[in-house]
Amino acid sequence: MKQCFSNATVSWNEQEITRRENLIREIPVLLFNSWRNLNPVIQIERCETPMLVPANILKEHIDAGFELINTGSRGFLRPETTKGTYEVFKDKFTQSQLKKRLPYCMWQVGCSFRDEANPDTMRATKLRLVQFYQLEFQIFASHDTKAQYLEQSIDYLITRYGGIFIESKADDLPHYSERTIDWMMNGLEIAGLSIRNDWEHGKVFEIAIGLDRLVAMQMK
């Protein structure tokens, strides 16, 4: 990946694109197999949602001072794919169907956007990009689940791709998280694995992988 323009964006060469596409195929299979070891009835489904998100959907992010890119009256460029996935899942099942269908994983991949400080410098060594690729999984589960989805996921990811994990301190947790584990490589955070507290019907286990960073580490 090389800097493109002067706004903290990068271009990809063909080899990097191929590696990214391979990871998009590999990782869902890897994680799904790990989760089925915990709960054989879990289902997984891919979705795709808009990059442009209305302001009311991102109210919590706005209130928390998140680094959003405002597009005017149409809303914001998404800072993560999560809210879109939540919308898809909300429309998928009625309240009476939920208990019978959990746990259920929705996942998607695509570009997200952050209004990084001093974007002209790009801070390429840390890959703090304005536009970046995310591979995100949200496992919707019941309040009383005992399944250790975060531990199982990080175990499989590190075994397959390397790196270490670090448990985030309470003061460093995102506003939506009650617990977060970071997947690290060479001092870079490759992914955040969180238990989210913003779904009223149960727990959401989230695995959010930065594909730009994972590809960069692998291409070394």
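Remarks
- Residue check for Ile166: more than 29 Å from Arg101 (Cβ to Cβ), of a type outside the set (Asp, Glu), modelled with pLDDT under 95 and assigned to a strand (DSSP E or B): yes
Residue-by-condition table, conditions (1) within 21 Å of Pro174 (Cβ to Cβ); (2) of a type in the set (S, T, N, Q):
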position	(1), (2)
Ile17	no, no
Asn33	no, yes
Cys47	no, no
Ile62	yes, no
Leu68	yes, no
Ser96	no, yes
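- Each residue in segment 39-59 was checked for being among the β-branched types (Val, Ile, Thr) and within 18 Å of Lys99 (Cβ to Cβ), and 2 of them qualify.
- Selection of segment 197-211 for residues being touching a helix residue (DSSP H, G or I) at 6+ places or on another chain (Cβ under 8 Å) and under 16 Å from Ile24 (Cα atoms) yields Ile207, Ala208, Ile209, Leu211.
- Output for segment 194-210, where each listed residue is at pLDDT below 95 and open to solvent by less than 10 Å² (accessible area, probe 1.4 Å): Ser194, Arg196, Gly202
- Here Glu45, Glu21 are screened, and the one residue that is surrounded by fewer than 16 Cβ atoms within 10 Å (Cβ to Cβ), among the charged types (D, E, K, R) and either modelled with pLDDT under 90 or in contact with a Phe, Trp or Tyr (Cβ under 8 Å, 6 or more places away or on another chain) (or both) is Glu45.
- Comparison of Ile69, Ile57, Ile62 shows that the only residue that is modelled with pLDDT under 90, aliphatic (A, V, I, L, M) and over 16 Å from the mean Cα position of the chain (by Cα) is Ile62.
- Residue ID - modelled with the lowest pLDDT, chosen from residues in segment 183-192 that are in a strand (DSSP E or B) and out of contact with any Ser or Thr (no Cβ under 6 Å at 6 or more places or on another chain): Leu188
- Filtering segment 59-85 to residues that are open to solvent by 30 Å² or more (accessible area, probe 1.4 Å), assigned to a loop (DSSP other than H, G, I, E, B) and among the charged types (D, E, K, R) leaves Glu67, Arg74.
The values are calculated or read from the model by the stated rules, or taken from the named source; none is laboratory data. Fair warning: this is a prediction, and the values are worked out from it, not measured in the lab. Reconstructed Cβ throughout: ideal geometry from the backbone, glycine too, with neighbour counts over all protein chains shown. What goes into the accessible areas is simple: the full protein's heavy atoms, side chains included, and nothing from ligands, DNA or RNA. Shrake-Rupley method; radii C 1.70, N 1.55, O 1.52, S 1.80 Å.
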